[in-house]
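Data first, discussion second: the structure below is written as structure tokens.
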Amino acid sequence: MQCHPCVLAVTAICFALPLAAQSRTPPAKPVTQAQVDRITRDAILIDTHDDVTSLTVAGYDIATPNKSAQTDLPRMKGFLGAEFFAIYVGAEYVKDNHSANRALQMIDTTRTDIIAGHPNDFVFATTADGIERAHKQHKIAALMGIEGGHAIEDSLRLLRDYYALGVRYMTLTHFNTNSWADSQGDIDNPEVAHHNGLTSFGKDVVREMNRLGMMVDISHVADKTFYDVLETSTAPVIASHSSCRAISSHTRNMTDDMIKALAAKGGSIQISFGCDFLSERYHEASKPIMAELRPRISEAMKLEDPTARAAAMDQLEAEANAKLPPATLADVVAHIDHAVQVGGIDHVGIGTDFDGVGCVPKDLDSYNKFPALTRALLEKGYTAADIKKIYGGNLLRVMRAVEQEARREQAANIKPPALNSPVK
């Protein structure tokens, strides 16, 4: 195996990638339900992206099942080991500098409504060790990841405040390009000013995340931004909710070259369950439907009341999904298998995007359905050890590498980037 160069200051390790796709042999004997249950129970299932916080901040009780939600305690318990709750800040909050206010609301709903509201089921965690302790206590480790770098309002001080409040990753952009990083969501829009990846301040953001011990998340960023991140970061990075562009051409997914580069850095691609990102058939069929709905979407986005705006968007999404061919469990397996063959078994995980997308496979639409995924992977030839890596072991390794790099930098007294770094 050829060893690819890495820029991991924490170790001299270089992660080896497979030279060719590795096929797996289906088991000689039928997979038993006892096998499925044991592996699913023993694995620490870590989901790196769940948007249920967009519901709880509006009053949804996570302990009470709701037919319109994909996330609730009854379906989490016994299956989920750790949840990264999304601190999602929509692009509309950029106007009049409301992004930080929204981020704080989302942090509060996670810590107050979810964790403190259900202390017998959730335990607040910020480290890999904390996740493992929660698993031993038969509780769900609750963590946080910011979605949308505009939440820091171009301030490294705010970034540090979020870390102090427990945020352990940040998705550098959402669908909108911000002041310092290009997004894939508008990269082809000539009306948007772009930076050709990361600005100098954007690189300072990445460096400060490394110094703090906050994972850098490249889901949603433009391809050039992705490569700038890899060149800048001294720790592994993640794609918290992205799938494979070779299977579904949605540009939020990762190309094979990107998956290989992410793995060479020691990072992990966390497979999203959104139908648009899993199925090319769904992705292509959605284009004319979304074009038809675009005027109504524009009107809905103009609504001042966020509750009314969300309800209008949900209605439009439901109308679209009623006309589209949904993705399936087999699509999830195909993306996992492709990512493993391209990047290696040590660099693939799960980032469902539950309650952040309107369509997920019906046979894998919440955490209590994960035994079906366990069975499908076993039947494809994945071992119990492989599945445990995919479900959470790989993410724990990345977290520990990020934590170790932060300790190294702090012990070396590496100073934070200048607070007055220009945003350009």
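Each value in this text was obtained by applying a stated rule to the coordinates, not by laboratory testing. What you see is a predicted model; the values in this text were computed from it and never measured. Every residue, glycine as well, gets a Cβ built from its backbone with ideal geometry; the counts of neighbours run over all protein chains shown.
Annotations for the structure displayed:
- Rg(Cα) / (2.2 N^0.38 Å) computed for segment 129-176, rounded to two decimals: 1.41
- Contact order normalised by residue count of segment 239-287, Cα under 8 Å, 6+ apart, percent: 44
- Spread of Cα-to-Cα distances over 10 Å intervals beginning at zero, given as percent, for segment 319-424: 12, 32, 24, 18, 13, 2
- Using θ = phi - 60° in the Karplus curve 6.51 cos²θ - 1.76 cosθ + 1.60, the 3J(HN,Hα) couplings for segment 325-340 round to x, x, 6, 9, 4, 4, 5, 4, 4, 4, 5, 4, 5, 5, 4, 5 Hz; x is entered for Gly and Pro.
- Over segment 171-280: Rg over Rh, Cα atoms, Kirkwood Rh: 0.95
- Separation of segment 35-61 from segment 316-358 is 15 Å, based on Cα centroids.
- Positive minus negative residues near F124 (Lys, Arg vs Asp, Glu; Cβ under 15 Å): -2
- Candidates A91, I269, Y227 compared by Cα position along the dipole of the chain: farthest toward the positive end lies I269, with charges placed on Cβ.
- Alpha carbon convex hull of segment 163-204, volume per residue in cubic angstrom: 79
- Distance cut-off 14 Å, percentage of C-alpha pairs in segment 352-399 lying past it: 59
- HN-Hα J in Hz across segment 214-225 - Karplus 6.51, -1.76, 1.60, θ = phi - 60°, x for Gly and Pro: 9, 5, 8, 10, 9, 4, 5, 7, 5, 4, 5, 4
- Cα-Cα P(r), segment 238-386, percent of pairs per 5 Å interval: 2, 10, 17, 20, 18, 14, 9, 6, 3, 1, 0
- Residue-normalised convex hull volume from the C-alpha trace of segment 161-231: 81 Å³ per residue.
- Note on D228, D108: ascending count of other Cβ atoms within 10 Å places them as D108, D228, the fewest first.
- 3J(HN,Hα) from dihedral phi, segment 253-264, Karplus parametrisation 6.51/-1.76/1.60, rounded to Hz, x for glycine, proline: 6, 9, 6, 4, 4, 5, 4, 4, 5, 4, 5, 4
- Whole-number percent relative contact order across the chain, with pairs defined as alpha carbons under 8 Å at least 6 apart: 22
- Cut-off 10 Å between beta-carbons: net charge of the residues surrounding Q341, Lys and Arg +1, Asp and Glu -1: -1
- Annotation for segment 109-182 versus segment 185-201: alpha-carbon center distance of 26 Å.
- Amide H to amide H, with H built 1.01 Å from N, F85 comes under 5 Å of L143, M144, G145, counting only residues 5 or more places away or on other chains.
- Rule-of-thumb Rg ratio for segment 63-138 [Cα; 2.2 N^0.38 Å; N residues]: 1.28
- The DSSP beta bridges internal to the chain are antiparallel in roughly 10% of cases.
- Across I115, I44, I107, mean-square fluctuation computed from a Gaussian network of the chain (C-alpha pairs under 10 Å connected) peaks at I115.
- Note on the chain: Cα Rg divided by 2.2 N^0.38 Å, N the number of residues, gives 0.92.
- Here the chain is assigned +1 on the Cβ of each Lys and Arg and -1 on the Cβ of each Asp and Glu. Its dipole about the Cα centre then comes out at about 1260 debye.
- Isotropic mean projected area of the C-alpha convex hull, segment 36-98 (nm²): 5.4
- Counting neighbouring Cβ atoms within 10 Å and putting the fewest first, the residues T383, T48, T64 line up as T64, T383, T48.
- Shape analysis of segment 103-193 based on the Cα gyration tensor places the equivalent ellipsoid semi-axes at 31, 13, 12 Å, largest first.
- Unit charges on C-beta of K, R, D, E only; dipole of segment 344-424, Debye: 260
- The Cα-based radius of gyration and maximum Cα-Cα distance (Dmax) for segment 334-379 are 11.7, 30 Å.
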